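Below: one structure, written as structure tokens.
No value in this document is a laboratory result; all are computed from the given coordinates. If you're wondering where the values come from, they're calculated on a predicted model, not measured in any experiment. Reconstructed Cβ throughout: ideal geometry from the backbone, glycine too, with neighbour counts over all protein chains shown.
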Amino acid sequence: MIFETLKWVGGIDGYLELIDQRKLPGEFVKIRCRNIVQLCEAIKTLAIRGAPAIGVSAGFGLCLAMQKLEASANLDEAISYLKKSAELLAKSRPTAVNLFWALERVKKCADKFVAENRNATPALLRETILAEARAIYKEDIDMCERIGRNGEKFIKTGSSVLTHCNAGALATAGEGTALAVLFEAHKVGKRFRVYVDETRPLLQGARLTCWELKQAGIDVTLICDNMAGWLMKQGKIDAVITGADRIAANGDVANKIGTFSLSILAKEHKIPFYIAAPSSTFDLQIENGELIPIEQRPAKEVRSFGTAEVSPAAVKVYNPAFDVTEAQHITAIITEKGVIEKPDRDKIREHLRK
């Protein structure tokens, strides 16, 4: 990709640099996060978004937190401070499991370091935490490429693919999840069309996915969210592919609101429906989609379109950020480990053992 959605600049006293996705496509602006309060705000307000990108950011967020550690602190105090900081970051968004996965991974790494190095200094612990965050970042880049390679076989020359929201480079440290499949297919010479849902209420498809696909030179057409079914009926859609924010043990998938509707439409029209996501997006502690926590967003996102108010100020608003697509509606889940066709509990557990 020709841009980096996020990166760590400097050593243990460095900072996290993010593309401010609230400004795209009109402005290309970067934010420098120097503490976890700034990062939490960036996550809550969707300056940084996408399950993998949120997870990578959270890892670096703990590096930012440790910069505020008292110079006189010992290792036990440092670990306590780290875990309190992780609790704060964990409250920034409830649905995307990669956030919690990354925080747990860094905490476990820190606990292991302290158990094995009781005479070490907190400075060495900070170096260890930064190294682990950088490892998560590098693994995410590699994960994206492998998802793309595993999924590009499902994209045929001359076909038309529908995608929803943004599951591209802006949602990860690499080239994306669902969009990685399209990028890799394009790289090997396949030529196809992509229809992009605008994705109300915040227009991640219109603002972000279209921007990414245009930069990659892929044929892209923007549609309103309520047009997808009619395009399918006309035979203009050959496949649907989206990302995921959390996948339950039985294969139910939480993704941007509107994904469930697309899965039903695709099934009705006998169109394959693919999910592309890393193995870190699976949450085997969640038995099924009914148990996945669904974030409720502010009413003003629905009451307005950009800066224009489009409804009476006092009208009630229901604004869930995500919905759940049952496993039975999913043709396959594409991960960095391979492909799970007709996903179910047993297939998922076997897949994740690889």
Report task. Over the alpha-carbon set of region 6-146, divide Rg by the Kirkwood Rh and report the Rg/Rh ratio to two decimals. Result -> 0.97
Query raised in the report: If you count the DSSP beta bridges with both ends in the chain, what percent of them are antiparallel, to the nearest 5?
Result: 55 percent
Requested in this report: Would you list, by chain and number, the aspartates and glutamates whose Cα falls below 16 Å from the Cα of Lys342, excluding same-chain residues fewer than 8 positions away?
Outcome: Asp252, Glu326, Glu350
**Report entry** Calculated semi-axes √(5λ) of the Cα gyration tensor in Å (choose from (1) 37, 28, 18; (2) 34, 22, 19; (3) 71, 36, 15), label
**Finding:** (2)
Report task. Quote the charge dipole size of the chain about the Cα centre in Debye, to the nearest 20; the model charges only the Cβ of Lys and Arg (+1) and of Asp and Glu (-1). Result -> 440 debye
Report task. Show that you can apply the helix-only estimate: for the chain, add -39,500 (n - 2.57) for every DSSP H stretch of four or more residues, divide by all residues, and state [θ] at 222 nm to the nearest 500. Result -> -12000 deg cm²/dmol
Query - Built amide H within the under 5 Å cut-off of Leu222, gap 5+ - result: Val196
Report task. Can you figure out the FRET efficiency of Ala131 with Arg349, using R₀ = 30 Å and their beta-carbon distance, to the nearest 0.05? Result -> 0.50
**Report entry** Three-way shape label, region 152-352, alpha-carbon gyration tensor, a/c 1.5
**Finding:** oblate
Query raised in the report: What are the ³J(HN,Hα) values, in whole Hz, obtained from phi via the Karplus relation 6.51 cos²θ - 1.76 cosθ + 1.60 with θ = phi - 60°, for each residue of region 256-268 in sequence order, with x given for Gly and Pro?
Result: 3, 3, x, 5, 4, 4, 4, 5, 5, 4, 5, 5, 4
Report summary line: Expected unfolding gain across Thr45-Ser304 under the 0.36 nm per residue rule, minus the alpha-carbon gap, is 91.7 nm
Requested in this report: Could you work out how far apart the two model spin labels at Thr221 and Lys138 are, taking each label as a point 7 Å from the Cα in the direction of the beta carbon, and quote it in nm?
Outcome: 4.4 nm
Report summary line: Cα-Cα longer than 22 Å, checked against Lys256/Lys300; Lys153/Lys236; Lys190/Lys256; Lys7/Lys138; Lys156/Lys187; Lys44/Lys84, kept in input order, equals Lys190/Lys256
Query - Relative contact order of the chain, defined on C-alpha pairs under 8 angstrom at six or more residues apart (%) - result: 15 percent
Report summary line: For Ala332, the residues 5 or more places away or on another chain with a placed amide H closer than 5 Å to its own amide H are Phe273, Ile275, Lys342
